[in-house]
1. (1) of a type in the set (S, T, N, Q); (2) free of Cβ contacts under 8 Å to residues at least 12 places away in the same chain; (3) in the same structural domain as residue 355 (by TED's automatic domain parsing): which one isn't true of residue 469, the others all being true?
2. Within the bounds of the stretch 426-442, is there any residue that is modelled with pLDDT of 95 or more, among the acidic types (Asp, Glu) and in contact with a helix residue (DSSP H, G or I) (Cβ under 7 Å, 6 or more places away or on another chain)?
3. Sort through 404, 419, 436 and tell me the only one that's assigned by TED's automatic domain parsing to the domain that holds residue 336, in contact (Cβ under 8 Å) with a residue 12 or more places away in the chain and touching a Gly at 6+ places or on another chain (Cβ under 9 Å).
4. For the stretch 347-368: of the residues being free of Cβ contacts under 8 Å to residues at least 60 places away in the same chain, aliphatic (A, V, I, L, M) and part of a helix (DSSP H, G or I), which is surrounded by the most Cβ atoms within 10 Å (Cβ to Cβ)?
5. Yes or no: residue 19 basic (Lys, Arg), surrounded by 13 or more Cβ atoms within 10 Å (Cβ to Cβ) and under 28 Å from residue 247 (Cβ atoms)?
6. Within the stretch 36-48, is there a residue that is surrounded by 20 or more Cβ atoms within 10 Å (Cβ to Cβ) and among the β-branched types (Val, Ile, Thr)?
7. So the check is Cβ under 8 Å with 6+ separation or different chains; which pairs have a first residue in the stretch 115-139 that's farther than 13 Å from residue 170 by Cβ and a second one that's in a loop (DSSP other than H, G, I, E, B) and of a type in the set (D, E, K, R)?
8. Tell me which of these residue 474 doesn't satisfy, since it passes every other one: (1) modelled with pLDDT under 95; (2) in contact with a strand residue (DSSP E or B) (Cβ under 7 Å, 6 or more places away or on another chain); (3) within 25 Å of residue 313 (Cα to Cα).
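The values are calculated or read from the model by the stated rules, or taken from the named source; none is laboratory data. Since the structure is predicted, the reported quantities are computational estimates derived from the model, not experimental observations. When we count neighbours, we look across all protein chains shown, and the Cβ atoms used for this are built from the backbone with ideal geometry, even at glycine.
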Amino acid sequence: MYKDLREFIDLVDKLGALRRIDGADPRFEIGGITEVAAGLPDCPALLFDNIKGHKRGFRVFTNATTSVQRAALALGIDPTLRPLDALRAWMDKRKALRPQPAVSVAKAAVLDNMIAGPDVDVTRFPAPIWHRHDGGPFIGAGSLVIMRDPDDGWINASIYRIQVHGPNRVTVQFDHGGRHGAIIAKKYWDRGKNCPVAVVHGEDPALFIAGFEYLPDGRSEYEFAGAIKGVPIEVCAGPHTGLPIPALAEIVFEGRLPPMTEATLPEGPFGEFTGYYAAAARAGPVMEVVAIHHRDDPILLGSPPMKPPRFHFGLPFRAATIWSNLESAGVTDVAGVWQHVSQLMTVVALRQRYDGHAKRAALVAAAHSYMARIIVVVDDDIDPSDLADVMWAIATRCEPAEGIDVLRNAWSSALDPRISPADKERGVTSHSKAVIDACRPFAWRDQFPPTSALSADEVREIEAKWGSQIGGRQRTDDR
């Protein structure tokens, strides 16, 4: 498995999924090219070099894990698996993960170049303005923020966006006060202290995955990333903060977050994963950067939110969680769960065993579908990861007058563009959910016209035998 971001890029290149882009402008062009490429059928990863206004060799890597293939590669599972099979493989692997505590090393590639004091200048690195109406350049759109809890020493390494405001000042956006980073920072601030912080740009994909996973208090992202890779993450002590930083990271900023009563800067706006702007600029905590460390020819990992269906990760982790929730609730015969439109639509496939089985599954899925307005249940002959297949089921098996229900006051977010500004001001962050039963009617399912399409097993047989000639997947095993 890859040891760092560079080895992952090499693996992507060997799969034929990497495109090299020369001479792009960090103002709008890098973000625009990234979004267009993410919408292509082959959805390539991109490595930008010779970036306008910056030294050759100071690179940006985007669309790292936006495809199912590269998401699987990042997780250490077979990148040739079909989407639903890849998600199932991840569920199986996740259940068996064993934490791998990070190990300290004396020599770290990230410390090959060390800059401190008046020479600190974060603008020497290409920080794209990803979307046309963003409030400025964001060097952190996929960066890890490292902090230590002052009470018990727990290290948190989560992903928060980082906006550049000057040579030695950036803002860190914690989303809301319940995020681990915000909680840790407040503990320092309540004691009248600055919060030590390190920001990692260019971590390996396992750390990127760990950074956006929802881990409980006290769980280490380093241990989770090590579990994915099967080997410990190597770290070294930051020379200025003492925080453990990944030894093979590309770029690290060290510094401090003064209390917000002392310093703030306008943060945002920034395009969100819904494809909209959720809020105007607002006051954000300021990181005073006291040191920069980087490897030779450093690579920034950029993972900007984009208009759906483009998403930062090709496998829907929340769908895997919902799948587990269904099984834990005793809903049997679930054949698969997937989420579309950047997780705003949940689809459950199941083999119907009794009248009401589909509705039961839909209600459990709806309860666990954050921000999703549409919940669909289909039969097990439908591939829930294939939106065209799902829409075929809706168009041919759902009778709207009978098969669509609406749940009100359900789980959403302040990021929801359909909640009015007035309601958000009042603290309303709920919406309704449409539950669509697109299964064959249980009472007469045996009389429903048979499908003319190939079964999933028949498709796999064709792909295994003829995939190389027709351009599809070619399997070397029986999965």
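1. The single condition residue 469 does not satisfy is (3).
2. Yes; the residues of the stretch 426-442 include at least one that is modelled with pLDDT of 95 or more, among the acidic types (Asp, Glu) and in contact with a helix residue (DSSP H, G or I) (Cβ under 7 Å, 6 or more places away or on another chain).
3. 436
4. Here the answer is 365.
5. For residue 19, the condition - basic (Lys, Arg), surrounded by 13 or more Cβ atoms within 10 Å (Cβ to Cβ) and under 28 Å from residue 247 (Cβ atoms) - is not met.
6. Scanning the stretch 36-48, I find no residue that is surrounded by 20 or more Cβ atoms within 10 Å (Cβ to Cβ) and among the β-branched types (Val, Ile, Thr), so the answer is no.
7. Filtered contacts from the stretch 115-139: 115/121; 124/55.
8. Against the list (1) modelled with pLDDT under 95; (2) in contact with a strand residue (DSSP E or B) (Cβ under 7 Å, 6 or more places away or on another chain); (3) within 25 Å of residue 313 (Cα to Cα), residue 474 comes up short only on (2).
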